[in-house]
Amino acid sequence: MHGHGTEAVDWPDAYFGLDYVDAGYALASLDSRVLYADNLETEVGRELLEAGTNLMGVHVYEALVVHKVLRSLATVGPIGLIGHSAGAGKVDVLAWSVDGFFAVVSDNTLWVDRTEERGRYHEGWVPGLAGWEDALNDLDAAPVPALMRAYGFPNGSNAVIAFLDQALLSAP
């Protein structure tokens with residue numbers, strides 16, 4: 001899952017996505033809508049909060065739809081998650097809250113705004129998660145094998161692929 005200011009199409013080039021395909025993995029790169037930390041994200045985020053939900057919830061739901069599709073494909077085995085920046089926060093939430101993921105790779109931690117920041121709402125504005133960040137960010141205690149990498153994956157994909165090979169090949 002991508003972060004603020006990027007799109008799903010960026011994964012193959014910017015984050016070594018084709019390396020995973022070359023290693024035999026299927027790659028589903030979900031495009032999280034309204035993820036630019038801009039005025040549109042503020043407007044949509046505020047409206048969703050007023051309606052009783054939030055942008056993070058929308059993005060997580062969309063990831064669950066993709067997960068369901070992947071699980072329906074006979075050629076797809078155990079599913080892992082990789083997240084960059086704001087996408088890393090989402091994969092942390094998914095790893096902790098949904099059965100059916102078997103590994104998580106993250107390059108950032110989930111951050112939850114507790115107060116309105118400069119009049120802006122964004123996907124990190126999730127009042128219901130306030131106070132849970134430490135637990136959700138504790139990848140050593142995650143319910144699935146988890147790997148933290150440097151922000152932006154500057155060291156390439158080899159360590160991530162080795163981790164996924166180990167975690168996913170031993171998955172039930």
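Of Tyr25, Tyr61, Tyr36, the order by accessible heavy-atom surface (1.4 Å probe, DNA, RNA and ligands excluded), from most exposed downward, is Tyr61, Tyr36, Tyr25. Comparing Ser97, Ser72, Ser29 in a Gaussian network model of the chain where C-alpha atoms under 10 Å apart are linked, the largest mean-square fluctuation is found at Ser72. Report which label in (1) 0.99; (2) 0.96; (3) 1.28 holds the value of Rg/Rh (Cα atoms, Kirkwood Rh) derived from the coordinates of this structure. Evaluating Rg/Rh (Cα atoms, Kirkwood Rh) on these atoms matches (2). By accessible area, using a 1.4 Å probe on protein heavy atoms only, the chain has 54% of its surface on carbon and sulfur. For Leu147, nonlocal amide neighbours, meaning residues 5 or more places apart or on other chains whose placed amide H falls under 5 Å from its own, are Val104, Val105, Ser106. Based on protein heavy atoms only, the chain ends up with 51 Å² per residue of surface accessible to a 1.4 Å probe. Relative contact order of segment 1-160: 24 percent, from C-alpha pairs under 8 Å at least 6 residues apart in sequence. Per-residue ellipticity at 222 nm computed for the chain from its helices equals -11500 deg cm²/dmol, with DSSP H segments shorter than 4 residues left out and the rest contributing -39,500 (n - 2.57).
The values are calculated or read from the model by the stated rules, or taken from the named source; none is laboratory data. Remember, it's a predicted structure, so these values are computed and weren't measured experimentally. Ligands, DNA and RNA are stripped out before the accessible areas are found, and what is left, the full protein with its side chains, is counted by its heavy atoms. Shrake-Rupley method; radii C 1.70, N 1.55, O 1.52, S 1.80 Å.
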